[in-house]
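The values are calculated or read from the model by the stated rules, or taken from the named source; none is laboratory data. Everything numeric here is computed off the predicted structure, so don't read it as measured data. Every residue, glycine among them, receives a Cβ derived from its backbone with ideal geometry; neighbour counts consider all protein chains shown. When the accessible area is computed, the model is the full protein with side chains, heavy atoms only, and any ligands, DNA or RNA have been set aside. Shrake-Rupley method; radii C 1.70, N 1.55, O 1.52, S 1.80 Å.
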Amino acid sequence: MQKTLAEIAALVDGKLEGQYDENLIITGATGIALAGPSEVTFAVEPHLEEAVSCNAAAVIIQDDVEGFGKTSIKVKNPRAAFNILLNIFKPELIIERKISDKAHIGKNVKLGKNIAVMDFAYVDDNAQIDDDVTIYPNVYIGQYAKIGSNSEIHAGVSVREFCHVGKNAIIHDNTVIGADGFGFITKEGKHTKVPQVGNVVIEDDVEIGCNVGIDRATTGSTLIGKGTKIDNLVHIGHNCVLGENCLVVAQTGLAGSTIVGHNVTFAGQVGSKGHIKVGSNSVMAARTGLIADVPENSFYAGFPARSHQEWLRIKATEGRLPDMVKKLKLMERRLKALEEKNN
């Protein structure tokens, strides 16, 4: 893929400034440190100064930046513009739109148009694969499972029986959708399994990383809302409900029946107890431990979870504890000396 510098500016609805050749051939888009003389990059504060001295042909910057000493393309949102270019210049994979003769297609399977099912994939009986779906090698699609149109199911993924995946979903390698929830009755020291007869429903435009486990509901559905993005190594317990457009970062674990609103962010290694509610538009800082309901529009941190501002004050105080202990011991000695003197 090659574009002229002028074409690049037009693609991102930007304005070229500085000394430039609008016919210069651009062959890619990459980061500041890696960019060469035939590539473009982007920069926002605090990286503008670094970008001035980089080797890129041009730097995409915010349209209100003044005095930038290098050829630039000014846009309203540099990150969004750069994302457009990454999609244009990304290497295209060659995928044959066919069903491999080394794949297994069960009985009564409904297959859409223009699908790809690669070697050693196993599509079990009564499953449904809609149009333009790509199923990579060693995938298992369980009985009565459904995969919505234009979705990608990468190598080693299992979408278990009766689970539904919506349109435009991406599920990365070795993730399991619909394993049994962790449900047991303990009597006299013996753990007896509770049947997990529900399913998992993944709505449209969801992306799920590698090695994620999303458990099926005991009854009903574990639900992942439209537009939600889940990072690698995340666990979602049975009967959890995640709203739309949530972000769940690596190593987060949500215990069963956690109910999450829309636009909630869980940073890395967040954990929750089960049967709590997390309100919409909230942010959980890294390693937050949730043990109670969280109101809407909250910013929580720490264990047990509390307001981020309160957590910061506590952490600042903890740093002064050694000095405070020394002062307290000194005061105790002085008080004891005064008491002995008075006696």
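Net charge in the neighbourhood of Asn245 (other residues with Cβ under 11 Å of its Cβ; Lys, Arg +1, Asp, Glu -1) is -1. Over the C-alpha trace of segment 228-324, radius of gyration and Dmax come out as 13.8, 48 angstrom. With bins 5 Å wide beginning at 0, the percent of Cα pairs of segment 67-120 falling in each bin runs 4, 13, 13, 14, 9, 9, 8, 8, 7, 6, 5, 2, 1, 0. Looking at the chain, the accessible area is 55 square angstrom per residue; that uses a 1.4 Å probe and ignores ligands, DNA and RNA.
Both the radius of gyration and Dmax for segment 45-179 are 21.6, 67 Å, in that order, over alpha-carbon atoms. Considering only trypsin sites (Lys or Arg not before Pro) in DSSP loops that have at most 12 other Cβ atoms within 10 Å, the longest stretch of the chain without any of them is 114-343. With viscosity set to 1.002 mPa s at 20 °C, what whole-number translational diffusion coefficient in µm²/s follows for segment 111-177 from Stokes-Einstein and a Kirkwood radius over Cα pairs? Answer, rounded: 194 µm²/s. Size descriptors for segment 273-316 (Cα atoms only): Rg and Dmax, in that order, 9.9, 32 Å.
Close lysine pairs were tallied over segment 80-231: pairs 8 or more places apart or on different chains with Cα atoms under 21 Å apart number 18. Mind grabbing the base-10 log of I(q)/I(0) for segment 105-243 at q = 0.12, 0.22 Å⁻¹? Debye formula, identical points on the C-alpha positions, no solvent, two decimal places. Summing over Cα pairs of segment 105-243 leads to -0.44, -1.32.
For segment 147-198, the fraction of C-alpha pairs more than 18 angstrom apart is 46%.
Dipole check for segment 138-296: with +1 at the C-beta of Lys and Arg, -1 at the C-beta of Asp and Glu, and the Cα centre as origin, the magnitude is about 440 Debye. Plainly put, segment 219-258 has a radius of gyration that is 0.95 times its Kirkwood radius, both from alpha-carbon atoms, as the Rg/Rh ratio.
More than 30 Å apart: what percent of Cα pairs in the chain qualify? Walk me through the intermediate numbers first.
On the way: 33310 of 58653 pairs.
More than 30 Å apart: 57 percent of the Cα pairs in the chain.
Result for the chain in a Gaussian network model with C-alpha springs under 10 Å: among Val264, Val197, Val139, the largest mean-square fluctuation is at Val197.
With the helix formula -39500 (n - 2.57) applied to DSSP H stretches of n ≥ 4, the chain reaches a computed 222 nm mean residue ellipticity of -5500 deg cm²/dmol. Evaluated at q = 0.19, 0.27, 0.31 Å⁻¹, the base-10 log of the normalised Debye intensity for segment 193-245, with identical point scatterers placed on the Cα atoms, takes the values -0.59, -1.04, -1.20.
Using a probe radius of 1.4 angstrom, the carbon and sulfur fraction of the accessible surface of the chain is 52%.
The calculated Kirkwood hydrodynamic radius for segment 173-215 is 12.4 Å, given to one decimal from all distinct C-alpha pairs. Taking every alpha-carbon pair in segment 17-84 and binning the separations at 10 Å intervals from zero gives 23, 61, 16, 0 percent.
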